[in-house]
Amino acid sequence: MPLVTIKVIKGRSKEQKKGMVEDVTTAIAKNIGCPPSAVSIDIVEMEEDNFAMGGTLWCDNH
């Protein structure tokens with residue numbers, strides 16, 4: 001049973017997350033040969049001030 005963790009900045013809509021998990025589930029199932037029902041996905045939503053890239057907080061650039 002594959003377990004995928006996806007970390008994203010908070011603020012994505014339910015529709016965006018739904019599309020993402022459908023696409024990721026399809027890709028995982030196709031590439032490792034398991035049924036889609038065996039794929040679990042954990043979406044972790046991060047606050048903008050809890051993520052940094054290139055030494056700068058995300059919230060300071062976006």
CD proxy at 222 nm, helix term only [per DSSP H run n ≥ 4: -39500 (n - 2.57); per residue of the chain; nearest 500]: -11500 deg cm²/dmol
From the gyration tensor of the Cα coordinates in the chain, what semi-axes in whole Å does the equivalent ellipsoid have, largest first, with each one equal to sqrt(5λ)? 28, 12, 9
Highest-first arrangement of 21-30, 51-60, 35-44, where packing means the average Cβ count within 10 Å: 21-30, 35-44, 51-60
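Values quoted throughout were computed directly from the atomic coordinates according to the rules given, and no laboratory measurement underlies them. Nothing here was measured: the structure is a model prediction, and the numbers come from that model. Cβ atoms come from the backbone with ideal geometry, glycine included; neighbour counts cover every protein chain shown.
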